[in-house]
Amino acid sequence: MNTTIESTKTKIKKKYRTPSRVLRAKPDYLSLEKFISLDIEGKETKYEWKSGKVILEYKMKKEERIIINNIIKKYYFSEKAIKDESCIMAEADVELSSVDTYRRPDAAYFTREQIIHPNIEPVAPYFVIEVNSHSNTFDSFETKLEDYFKAGVQCVWQIMPNTKKVYIYKSPTEVSIKSKNEICFANLENNNTFAMNVNEIFENFGL
């Protein structure tokens, strides 16, 4: 076991027990390569990286997993997914190199080429999904939005479990709010789109 890596993991976990606290001081600075090698993760927490700083966030609650599963299942059986082997993945690591950031969204869309050759351009997924949690602040989510769109993401869904609404962002400042039977659209590559209604997204949630 690499004792240096293990001690760094322990140090991060002890110091950053609450979400959105960031490592700022220089011996706590981590390169992206070292951050990836640490592979740090807690039972209810996940870690992201931005310009040398490690950010702690909460994972989805267990009861919220059905939301992401509904979306993945809907896309998996779509004509586009069957035809070109693209997919929506849960909690896949995403390196946004153009904004010096490494995120782990709750779900993201990837083309077959991005899956097979993860280092090709564009590295950023076209479509990202974030489930709003009690730990999220407006400032932290706004920062994520800026990162996603600067890196080339075309659409972000922010899912609100408490109100069963979906906020659809086409840019950091362009948002529409959907509920009940209203249709949520996501822009994909080559003018393709993915669509499902809000009731489908929240099917079996809260049962």
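The values are calculated or read from the model by the stated rules, or taken from the named source; none is laboratory data. Predicted, not measured: the structure shown is a model, and the values here were computed from it. Reconstructed Cβ throughout: ideal geometry from the backbone, glycine too, with neighbour counts over all protein chains shown.
Would you be able to say whether some residue in segment 86-94 is assigned by TED's automatic domain parsing to the domain that holds T193, surrounded by fewer than 16 Cβ atoms within 10 Å (Cβ to Cβ) and among the polar types (S, T, N, Q)?
Scanning segment 86-94 turns up no residue that is assigned by TED's automatic domain parsing to the domain that holds T193, surrounded by fewer than 16 Cβ atoms within 10 Å (Cβ to Cβ) and among the polar types (S, T, N, Q).
Collect the residues in segment 182-207 that are of a type in the set (G, A, S) and at pLDDT below 95, keeping them in residue-number order.
Within segment 182-207, G206 is the sole residue that qualifies.
Say whether the condition of being in a helix (DSSP H, G or I) and among the basic types (K, R) is met by at least one residue in segment 134-153.
Yes, segment 134-153 contains at least one residue that is in a helix (DSSP H, G or I) and among the basic types (K, R).
Which of the residues that make up segment 54-73 are without any contact (Cβ under 8 Å) to a residue 60 or more places away in the chain and over 16 Å from V94 (Cα atoms)?
K62, R65, N69, I72, K73
May I ask you to say which residue of T111, T193 is touching a residue at least 24 places away in the same chain (Cβ under 8 Å) and either over 15 Å from the mean Cα position of the chain (by Cα) or not assigned by TED's automatic domain parsing to the domain that holds E48 (or both)?
Going through T111, T193 in turn, just one is touching a residue at least 24 places away in the same chain (Cβ under 8 Å) and either over 15 Å from the mean Cα position of the chain (by Cα) or not assigned by TED's automatic domain parsing to the domain that holds E48 (or both): T111.
Look at segment 117-138 and say how many of its residues are under 27 Å from F205 (Cβ atoms) and modelled with pLDDT under 90.
6
Take the conditions part of a loop (DSSP other than H, G, I, E, B) and farther than 20 Å from N181 by Cα and apply them to A124. Does it pass?
So A124 passes the test.
Here's the yes/no breakdown for (1) assigned to a loop (DSSP other than H, G, I, E, B); (2) assigned by TED's automatic domain parsing to the domain that holds A151; (3) over 27 Å from P161 (Cβ atoms); (4) modelled with pLDDT of 95 or more:
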position	(1), (2), (3), (4)
D28	yes, no, yes, no
K43	yes, no, no, no
W49	no, no, no, no
V54	no, no, no, no
I67	no, yes, no, yes
I71	no, yes, no, yes
Y75	no, yes, no, yes
S98	no, yes, yes, no
I115	no, yes, yes, no
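Output yes when any residue across segment 165-172 is under 20 Å from K50 (Cβ atoms) and either assigned to a loop (DSSP other than H, G, I, E, B) or among the charged types (D, E, K, R) (or both), and no when none is.
Scanning segment 165-172 turns up at least one residue that is under 20 Å from K50 (Cβ atoms) and either assigned to a loop (DSSP other than H, G, I, E, B) or among the charged types (D, E, K, R) (or both).
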